[in-house]
1. So, of the residues in segment 303-337 that are small (G, A, S) and not in a helix (DSSP H, G or I), which turns out to be modelled with the lowest pLDDT?
2. With respect to L342, is the statement that it is under 22 Å from the mean Cα position of the chain (by Cα), at pLDDT 90 or above, more than 29 Å from F145 (Cβ to Cβ) and surrounded by fewer than 14 Cβ atoms within 10 Å (Cβ to Cβ) true?
3. Could you tell me whether any residue of segment 92-102 is surrounded by fewer than 21 Cβ atoms within 10 Å (Cβ to Cβ) and either part of a helix (DSSP H, G or I) or among the small types (G, A, S) (or both)?
4. Would you mind stating whether F198 is buried (at least 21 other Cβ atoms within 10 Å of the Cβ) and modelled with pLDDT of 90 or more?
5. Evaluate segment 70-88: report whether one residue or more is surrounded by 14 or more Cβ atoms within 10 Å (Cβ to Cβ), over 29 Å from V279 (Cβ atoms) and either not basic (K, R) or not assigned by TED's automatic domain parsing to the domain that holds Y340 (or both).
6. Among the residues of segment 280-302, is there at least one that is in a helix (DSSP H, G or I), at pLDDT 85 or above, surrounded by fewer than 18 Cβ atoms within 10 Å (Cβ to Cβ) and among the hydroxyl-bearing types (S, T, Y)?
7. Of the numbered conditions (1) out of contact with any Lys or Arg (no Cβ under 7 Å at 6 or more places or on another chain); (2) part of a helix (DSSP H, G or I), L69 fails exactly one; give the number of that condition.
8. Pick from segment 164-188 the residues that are assigned to a loop (DSSP other than H, G, I, E, B) and hydrophobic (A, V, I, L, M, F, W, C): which of them is surrounded by the fewest Cβ atoms within 10 Å (Cβ to Cβ)?
Amino acid sequence: MKSELTCRERRGAIRCNRVYTMNLRMKTFERHIWSSLWHSTAAILSLCVGVLLLHKMFRIVELAIARSLDLGKTLGLFLWTLPISLLYTVPLAALIATLFTYGRLFTDREIIALLAAGIPRRKWMRPALLFALLLACASLLNNGFLIPKAYRELDKVGFGVGIDPFQALQPGQFLRSRTRLFSVSTVDKEARTFRGFFAALPGGDIKRSARDRYFLVARNGQWKSDTSFVHLELEEGALYHFSSRKEPRTLLLSFDSYAVNLSLPHDVSPNAKRQPFSVLFSRYKKEDQIEILRRFGFAVVVVFFVIAAIPLAAPQSGGHLRKGTGSSAIGYGLLFYFFYWLLSFGSESLIVSRGLPITAGLLPYFVLGILDFLLWRYR
């Protein structure tokens with residue numbers, strides 16, 4: 001009421017009431033943008049994370065069978081893969097959510113009403129900017145603390161290292177491990193010995209044609225494993241070539257002793273990814289500097305993406321809206337997204353291979369800053 005009296009004394013009651021009503025409507029409009037951004041982000045994140053988890057599901061199921069994990073530990077594997085998935089999906093979700101939100105406002109002509117009322121674009125971007133800052137802070141917490149913890153927890157059960165399939169062998173049962181099939185009549189897992197061994201292997205395992213299949217049988221044997229291989233030492237057996245042609249099974253050799261090395265998955269993450277910020281800053285080696293830059297950069301880029309998405313979704317030039325379509329805005333946004341990753345991975349590879357200073361890793365963000373300025377200036 002005090003503001004109305006002040007306005008009435010200076011400029012008149014009619015104009016004062018209009019300013020008060022416009023402020024109230026602007027706050028309602030900002031709350032609408034705020035809610036739409038978060039709901040869109042949650043929906044897009046759920047979709048992207050679900051696709052990535054589906055990709056990892058077969059690996060997790062294989063690990064659960066090989067290590068005889070119970071249901072609780074198996075579900076824990078799915079949960080610990082979430083922070084790693086968010087590293088790449090949060091920037092994409094923020095970009096697409098901003099494009100959807102402001103693109104819908106552009107299509108419904110609500111932005112035209114704002115511009116007609118004299119409200120510049122920098123005012124109705126405030127909810128998006130606050131949204132980007134909060135999401136960037138959450139991403140930084142995830143990148144700096146949850147992801148290293150997730151890598152360490154997954155490594156405890158062998159998710160990022162080779163899986164020894166012989167630990168899951170049961171007498172008289174077939175065990176499938178990727179493209180291999182194993183069976184034993186008896187097994188001693190403590191002594192790592194077995195009897196009545198049978199295996200169906202691809203040719204690459206025994207240094208033959210990878211397109212063919214081979215049967216390996218032995219009376220008894222033993223095994224040992226490391227993070228890269230399972231080493232088999234077999235006794236009194238034979239190797240057969242299996243084919244669906246004229247001769248379905250051909251004896252290649254009989255042996256008294258035979259050694260085979262079966263390769264295991266070796267996608268071990270670099271050591272720097274497993275370390276918290278305190279360890280990275282204390283060591284501060286070249287790989288640690290790259291990892292620090294990556295964690296901060298993948299969080300800060302959310303702000304760059306949101307700032308770029310607003311002029312892409314609602315183009316404006318000289319105070320007048322130009323014609324555009326939502327599909328073109330999404331296309332430009334995805335192009336912007338992949339262009340950033342190309343610059344990011346390219347700068348990291350140049351730092352490692354060419355010995356460039358760590359400041360070269362700031363190049364992607366410098367380029368994104370220029371593109372954001374040009375979009376806001378000319379679009």
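The values are calculated or read from the model by the stated rules, or taken from the named source; none is laboratory data. This structure is a prediction, so every number in the text was calculated from the model and none was measured. We place every Cβ from the backbone using ideal geometry, glycine too, and count neighbours over all the protein chains shown.
1. Checking each candidate, the answer is G318.
2. It is false that L342 is under 22 Å from the mean Cα position of the chain (by Cα), at pLDDT 90 or above, more than 29 Å from F145 (Cβ to Cβ) and surrounded by fewer than 14 Cβ atoms within 10 Å (Cβ to Cβ).
3. yes
4. no
5. Yes, segment 70-88 has at least one match.
6. Scanning segment 280-302, I find at least one residue that is in a helix (DSSP H, G or I), at pLDDT 85 or above, surrounded by fewer than 18 Cβ atoms within 10 Å (Cβ to Cβ) and among the hydroxyl-bearing types (S, T, Y), so the answer is yes.
7. All conditions are met except number (2).
8. F174
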